[in-house]
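Structure first, then comments.
The values are calculated or read from the model by the stated rules, or taken from the named source; none is laboratory data. Source: prediction; values computed, not measured. Virtual Cβ from ideal backbone geometry, glycine too; neighbours counted across all protein chains shown. To get the accessible areas, we keep the full protein, side chains included, count just its heavy atoms, and leave off ligands, DNA and RNA. Shrake-Rupley method; radii C 1.70, N 1.55, O 1.52, S 1.80 Å.
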Amino acid sequence: MGKSKKIGIVICDRYRNCAGGKCFRALKNREGAFSVYQEDEVELVGYTSCGGCHGGNLEYAPEEMKKNGAEVIHFATGLVVGYPPCPYIDYFRDFIRTKFEMEVVIGTHPIPEKYYEIHKKLGSWNDSKWRELLEPSISDKTTRLAYD
């Protein structure tokens, strides 16, 4: 094993009752945005929702995660696959980077194929900013289908 990494996960409040199954499976299998940790031991030290639009929970939750050793905050894939994708995602990322001086990764589990296809039809991710934000979670079609 490589180095040890402590992470926190922030989910979209629309999915506040999510049990985290896809995120935890992807973390265990090092898929989606967690593929960067192939050789690392990873410890999840926090899991919470953003607090709803406009992200009220983000004013203090990353600080709590940081106190627990988190070095990286992952925004759950739900923030990019929701309808509509989170309109505040750039601001939230920049806020955490600036206020808490923590790395922020957009994505957790691979984007499920059913979401990938409908967002393509809707044109949700046509803006070039989305290509960069989605890259950690796009995966190949076989993997996306496994997360449907």
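At-a-glance table
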quantity	calculated
Around residue 30: net Lys/Arg minus Asp/Glu count, Cβ-Cβ under 13 Å	-1
Spatially close lysines, pair count over segment 48-148: Cα under 30 Å, gap of eight or more or interchain	11
Relative contact order, percent, the chain [alpha-carbon distance under 8 Å, six or more residues apart]	28 percent
Most mobile of 66, 129, 28 in a GNM of the chain (Cα contacts under 10 Å)	129
Under 12 Å, Cβ to Cβ, from residue 130 - net charge with Lys/Arg +1 and Asp/Glu -1	-1
Cross-link partners of residue 3 among aspartates and glutamates (Cα-Cα below 16 Å; sequence separation of 8 or more within a chain)	39, 40, 41, 43, 71
Listed residues 110, 84, 136, most fluctuating in the chain (Gaussian network, C-alpha, under 10 Å)	84
Cα shape, segment 22-83, gyration tensor, a/c 1.5 rule	oblate
Extension gain (nm, one decimal) between residue 67 and residue 91, 0.36 nm per residue minus Cα-Cα	6.4 nm
Calculated P(r) of segment 89-148 - Cα pairs past 19 Å, %	38 percent
Average accessible surface area per residue within segment 68-148, 1.4 Å rolling probe, Å²	49 Å²
Accessible surface of the chain [probe 1.4 Å, protein heavy atoms]: carbon and sulfur percent	49 percent
